[in-house]
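Every number in this text was worked out from the coordinates using simple rules, so none of it is lab data. Bear in mind that the values here come from a model prediction, so they are computed numbers and not experimental data. For neighbour counting, all protein chains shown are included, and Cβ atoms are generated from backbone atoms with ideal geometry for every residue, glycine included.
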């Protein structure tokens with residue numbers, strides 16, 4: 001299911017992390033659309049993402065309850081071969097699934113540690129690594145927008161920015177990051193845009209997420225990554 005830019009921007013604006021879900025199975029059509037995107041992301045990103053449905057065990061643990069998760073029985077496992085850029089690719093392609101789920105009326109949450117790796121139904125092959133999951137389902141609430149740092153903290157460039165660059169920053173600032181740390185910067189170069197993440201918890205995965213948001217906001221036709 002391919003989404004147009006306006007639909008993706010709407011999903012970016014309306015997406016908020018949700019940890020509590022209704023106790024009902026996903027509609028078959030929704031599963032099909034999400035599975036198609038998982039398959040596309042695996043082919044394009046060289047990953048082993050897995051959509052797992054009707055499986056509550058991974059979130060039936062003390063750590064999940066401590067993280068205020070409830071009725072989680074559907075999730076996407078973030079798995080791929082170990083490599084230097086694995087986290088960034090997982091962030092980029094995982095967020096594609098998040099935005100699709102949002103557009104389909106579901107709610108989601110990126111989860112790094114509040115689940116049981118032992119109890120989950122994961123297929124982790126030799127040389128692969130599980131880096132987290134994305135919970136999804138019919139949300140009991142829509143979530144809320146977290147505070148963002150001011151725009152000047154996300155770039156070394158001086159305002160006024162080109163319209164496409166400003167639009168890219170606006171979308172990136174709405175991206176989910178681990179504990180809302182927002183440790184990323186975008187720099188305009190003579191031949192394109194460079195995105196960087198500073199040190200922190202899951203910042204490489206965050207970088208993949210914010211790069212996707214920036215691409216959608218700016219329009220891929222207006223720049224290239226360098």
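Numbers at a glance
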| read-out | value |
| --- | --- |
| Stretch gain in nm, segment residue 149-residue 113, where the contour uses 0.36 nm per residue and the Cα spacing is subtracted | 10.5 nm |
| Descending semi-axes in whole angstrom, ellipsoid equivalent of the stretch 151-220, from the Cα gyration tensor | 19, 12, 11 |
| Sorted peptide list for 211-221, 138-148, 84-94, 180-190, criterion being average Cβ within 10 angstrom, highest first | 84-94, 211-221, 180-190, 138-148 |
| Extension gain, residue 164 back to residue 6 (0.36 nm per residue minus Cα-Cα distance, nm) | 55.4 nm |
| Per-selection Rg to Rh, the chain - Cα, Kirkwood hydrodynamic radius | 0.96 |
| Percentage of interatomic Cα-Cα distances in the stretch 1-95 larger than 21 Å | 45 |
| By average C-beta atoms within 10 angstrom, highest first, the peptides 164-170, 151-157 | 164-170, 151-157 |
| Acute angle (nearest 10 degrees) that the helix 28-45 long axis makes with the longest principal axis of the chain, alpha-carbon atoms | 50 |
| Square roots of five times the Cα gyration tensor eigenvalues for the stretch 60-118, Å | 21, 18, 8 |
| Debye log10 I(q)/I(0) at q = 0.13, 0.19, 0.20 Å⁻¹ for the stretch 79-213, Cα point scatterers | -0.62, -1.18, -1.27 |
